[in-house]
Amino acid sequence: MKIGKTTAVLNQRKWYNELDLLNSKVIEIDARSARIYFDPIWIDKIGKKIQGYDLSFHSGTVKIFLPEEQFTRAEIERLKAEIIICKKWGIKELIFHLKHEKLNEQENKILQKIVDFAKKNDVQLVYESNGCLIAEVALDLLEKFSDINYNLDLGHLNVGIENKKFGYDLDEFLKKIDKKTVYVHAHNNYGTDSHQALKKGSLDWKYVLSKLNNIKKIITETRTVEDNESNIEDLKSYLKECDGLFK
């Protein structure tokens, strides 16, 4: 199991020159805050700068499948462009969001085409629920798409639980997502998606992690360097307690 950090705390324009400031070789490029240019020359130049890191990529898309058709098309094309960037940069994991509700039949067909496109480019799509995790929406998506894995965002889980919108027994949910949960975003809160340190929230994150057996990577996703460091220390300590899984 690997622990890493997000580029969200770095300079938006020059994030690729500041990766060493994260003091980690495991890094998630957050395309919502890291400036990304869809220009082949720029992509090749940055690809050389970021070699040597164990990278994953968080899509800059927001909610694929929106009421406005043009917005949906734009989001889909951006995600496909990001898949190509991941291939060029040797990144295997691409984290992405969808709309809040379950997908309809037509949307499922469109998403399957995107999944197929990602597979052809040797990129694994990893689904993340939105800011308030609704269990049935996540389970429906994971059941219908065998080639999509799951990123359990601890903060989003807690927002769903605290606001009574999660709608499921926690143990049963964790059991159902266990096989596909290969990735975790680590942060906590008291019911709003504030991206605080793990120790600054009401979710029993250790209990949640103890129920998941296939996690390959945990990214601390707080909004400050201090909270990131706090998370790293807490995660290392926890994993050492779990038979030395940390490396």
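The values are calculated or read from the model by the stated rules, or taken from the named source; none is laboratory data. Since the model is a prediction, treat every value here as computed from it, not as a measurement. Here Cβ is always computed from backbone atoms with ideal geometry, including for glycine, and neighbour counts include all displayed protein chains. Ligands, DNA and RNA are excluded from the accessible area calculation, which covers all protein heavy atoms including side chains. Shrake-Rupley method; radii C 1.70, N 1.55, O 1.52, S 1.80 Å.
Some observations on this one:
- Theoretical ellipticity at 222 nm over the chain - DSSP helices of four or more residues, -39500 (n - 2.57) apiece, nearest 500: -12000 deg cm²/dmol
- Summed over all non-identical Cα pairs, the Kirkwood treatment of the stretch 153-235 gives a radius of 12.8 Å.
- On a per residue basis, the stretch 133-241 carries 44 Å² of accessible surface, using protein heavy atoms and a 1.4 Å probe.
- Label-to-label distance for Glu101 and Lys120 is 3.1 nm, based on points extended 7 Å past Cα in the beta-carbon direction.
- Protein heavy-atom accessible surface, 1.4 Å probe, per residue over the stretch 61-125: 55 Å².
- Rolling a 1.4 Å probe over the protein heavy atoms of the chain, with every protein chain left in place, gives an accessible area that is 49 percent carbon and sulfur.
- Relative compactness, the stretch 1-125, computed as alpha-carbon Rg over 2.2 N^0.38 Å: 1.08
- By DSSP, the beta bridges lying fully in the chain are antiparallel in about 5 percent of cases.
- Cα-centred dipole magnitude for the stretch 1-122, charges only on beta-carbon of K, R (+1) and D, E (-1), debye, nearest 20: 320
- When each of the peptides 92-98, 126-132 is scored by the mean number of other C-beta atoms lying within 10 Å of its residues, the order from highest to lowest reads 92-98, 126-132.
- Peptide ranges 9-21, 72-84, 186-198 listed from the most packed, as the mean C-beta count within 10 angstrom indicates: 186-198, 72-84, 9-21
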